[in-house]
Amino acid sequence: MNTLTATWHWLADPAHWTGDDGIGHRLLQHLVLTVVCLVVSCAVALPVALVLGHLGKGGALAVNISNAGRAVPTFAVLVLLLLTPVGRWGEGPTVVALVLFAVPPLLTNAYVGMREVDRSVVRAARGMGMTGRQLLLRVELPLALPMVLNGVRIAAVQLVATATIAALAGGGGLGRIITAGFNLASTPQVVAGAVLVAVFALIVEALFETAERLIPRRTRPSR
Amino acid sequence: MRSNGRVIAPPDDCLARNEWICGAYLSTRRHILLDAVVQHLQLTSVSVLIGLAVAVPLAVLARRWGWAAGPVLGVTTILYTIPSLAMFSLLLPLYGLSATLVVAGLVLYSLTLLVRNILAGLRAVPEETRQAARGMGYGPIRLLLTVELPLALPAAMAGLRIATVSAVSLVTVGAIVGFGGLGNLIYAGMNTYFKAQVLTASVLCVLIAVAADLLLLGVQWLITPWIRAARA
């Protein structure tokens with residue numbers, strides 16, 4: 001109870017919301033990092049996955065890259081990047097690591113979504129004389145959209161988590177409130193930072209869940 | 001060695017030159033590395049085993065009572081969404097700076113992955129199979145233990161492999177409270193700019209994850225002889 005009250009007091013203190021180390025600035029950093037890296041990752045991963053899925057090639061790679069991404073510790077990649085020349089470039093390690101860990105779920109989900117499109121629908125579209133591009137954009141992509149969006153949701157949640165760990169390696173974002181709290185041995189600050197991060201992650205998750213519900217369902221669930 | 005006030009590294013000393021790959025690091029820090037690997041393995045295995053012990057009954061209950069499935073899956077999804085660093089931090093008031101804190105956090109993550117997969121496995125057992133077993137006079141407990149759980153094994157093992165590999169990787173974040181196995185070495189190496197230590201510890205982490213995955217794949221092969229028989 002005591003910690004909860006102390007945490008509440010820490011959060012309620014206006015002095016903790018302003019300035020370079022304040023919640024406002026850290027929240028903005030976290031948001032910008034997440035959004036920019038999500039856009040970059042989507043721009044990199046989705047075209048590749050959609051074309052590979054359309055052609056039906058590179059499936060083993062697209063599926064296994066997710067497993068590989070899980071085995072490599074985020075923290076290790078962040079520190080390795082920090083010690084390379086990338087580390088001298090401000091938020092460089094954070095941005096590179098964020099994109100690296102957001103790409104696998106995007107690739108895998110978009111690829112699987114494209115391959116799960118009913119083959120008879122694809123054959124019918126071909127029979128109607130659709131070109132490869134028309135087939136991809138007007139038939140396969142709309143049908144694969146729920147899976148593609150699922151990948152984007154997983155990637156977004158992953159981005160929020162990775163951006164938090166980036167604070168351990170000196171990156172900005174809400175995680176810095178937590179690491180600063182540990183350095184000051186201030187449990188209320190650690191817990192307050194954690195609450196902010198958790199709420200941020202849950203809001204991101206909820207936003208995408210709503211988006212997934214809003215898109216029209218063109219297919220019945222396959223299982 | 002000192003000349004003109006500057007420290008000059010002997011040309012054959014990769015530690016002094018701070019190289020990424022360094023044989024001398026491996027030989028001189030053998031004990032530190034071994035201790036870190038042991039801590040890493042202990043934290044991972046204890047967490048996954050506790051997670052498994054909690055996940056099986058939860059999944060079985062969620063399967064038995066349909067209304068429980070929604071809340072169980074909802075809570076685990078929320079837990080899984082919370083980033084690891086925040087999860088460890090939220091547990092700080094409960095456990096302090098201890099190994100228990102890291103284990104508790106990892107249990108919550110493993111639990112999520114395991115419950116989802118075991119539940120999916122149990123749900124995939126065909127209704128005809130269940131009816132056939134009931135028709136042969138199987139009671140609910142015997143049905144669960146000898147028919148449903150074995151048939152859910154492949155899905156459960158897939159979940160166990162993902163949970164284990166994730167746990168190996170997440171242990172490193174435990175470095176924030178001083179119990180991160182190889183993560184401690186990465187954290188210390190970051191603060192002292194020690195390249196060989198960071199790279200060696202990172203590579204060992206990935207090797208542990210791959211080895212654990214292969215080990216579980218082997219276990220799955222051993223405990224599901226009927227799948228092998230069907231393929232042959």
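Values in this text are rule-based calculations from the coordinates and carry no lab data. Owing to the predicted nature of the structure, the values given are computational and were not obtained by experimental measurement. Cβ coordinates were reconstructed from backbone atoms using ideal geometry, including for glycine residues, and neighbour counts include every protein chain displayed.
Observations on the structure shown:
- Debye intensity ratio I(q)/I(0), log10, the range B:111-232, q values 0.09, 0.11, 0.12 Å⁻¹ (C-alpha model): -0.41, -0.55, -0.61
- With Cα atoms, 0 to 90° folded angle of helix B:66-81 axis to chain B main axis: 10
- Here chain A yields Rg over Rh of 1.08, to two decimals, using C-alpha coordinates and the Kirkwood radius.
- Degrees, to the nearest 10: B:182-191 long Cα axis against longest axis of chain B: 30
- Kirkwood-type hydrodynamic radius, chain B: 20.3 Å, calculated from all non-identical alpha-carbon pairs.
- Residue separation of B:D13 and B:A132 scaled by 0.36 nm, minus their Cα-Cα distance, works out to 35.7 nm of gained length.
- Simple label model, 7 Å out from Cα along Cβ direction - A:T5 to B:T28, nm: 5.3
- Whole-Hz Karplus values for the range A:40-51 come out as 4, 4, 5, 5, 7, 7, 5, x, 4, 5, 5, 5 Hz, taken residue by residue from phi with 6.51 cos²θ - 1.76 cosθ + 1.60 and θ = phi - 60°; glycine and proline positions read x.
- For B:G159, net neighbour charge (Lys/Arg +1, Asp/Glu -1) across residues whose Cβ lies under 14 Å away: +3
- Distance from the C-alpha centroid of the range A:84-110 to that of the range A:26-67: 10 Å, rounded to the whole angstrom.
- All Cα-Cα separations within the range A:52-126 were binned at 5 Å from zero, giving a P(r) of 3, 15, 20, 15, 13, 11, 9, 6, 4, 3, 1, each value a whole percent of the pairs.
- For the segment B:197-208, counting C-beta atoms of other chains within 10 Å of every residue's C-beta and taking the mean gives 3.
- Counting every pair of alpha carbons in the protein assembly as shown, the share spaced more than 44 Å apart comes to 18 percent.
- On full extension, the segment bounded by A:V51 and A:L207 gains 53.4 nm, given 0.36 nm per residue less the C-alpha separation.
- Rg over Rh for the range A:1-53 works out to 1.35, both radii taken from alpha-carbon positions and Rh defined as the Kirkwood radius.
- Going from the residue with the fewest nearby Cβ atoms within 10 Å to the one with the most, A:H16, A:H9 rank A:H9, A:H16.
- When peptides B:206-215, B:186-195 are sorted by average Cβ neighbour count within 10 Å, with the highest value leading, the order is B:186-195, B:206-215.
- Along the range A:114-125 the Karplus relation, 6.51 cos²θ - 1.76 cosθ + 1.60 evaluated at θ = phi - 60°, assigns HN-Hα couplings of 5, 6, 7, 4, 3, 4, 5, 5, 4, 5, 4, 5 Hz to successive residues, with x for each Gly and Pro.
- Chain B, relative contact order in percent, only Cα pairs under 8 angstrom and at least six apart counted: 25
- Hz values of 3J(HN,Hα) by residue in the range B:138-152 - Karplus curve (6.51, -1.76, 1.60), Gly and Pro given as x: 6, x, x, 5, 5, 4, 5, 6, 9, 10, 5, 4, x, 6, 7
- For residues of A:76-85, the mean tally of beta carbons on other chains within 10 Å: 6
- Other protein chain C-beta atoms within 10 Å of residue C-beta, averaged over A:137-147: 0.
- Rounded tilt (10° steps) of B:99-123 against the dominant C-alpha axis of chain B: 30
- Residues B:T76, A:T74, arranged from fewest to most other Cβ atoms within 10 angstrom of their Cβ, appear as B:T76, A:T74.
- Remark: spin-label model distance A:V35-B:A230 equals 4.9 nm, labels positioned 7 Å along the Cα→Cβ axis.
- Overall Cα dimensions of the range B:150-211, principal axis frame, Å, largest first: 51, 22, 9
- The Cβ shell under 13 Å around B:V210 holds other residues with a net charge of +1, Lys and Arg each +1, Asp and Glu each -1.
- Sum of -39500 (n - 2.57) over DSSP H runs of 4+, divided by residues of chain A (222 nm, nearest 500): -24500 deg cm²/dmol
- Treating r as the C-beta distance of B:V38 and A:A68 and R0 as 30 Å, the FRET efficiency rounds to 0.75.
- Net lengthening on full extension, B:L73/B:R123 (0.36 nm per residue, minus Cα-Cα): 16.6 nm
- Over the range A:1-102 - Rg/Rh using Cα atoms and the Kirkwood inverse-distance radius: 1.14
- A:A12/B:N191 FRET efficiency (R0 25 Å; Cβ-Cβ; nearest 0.05): 0.15
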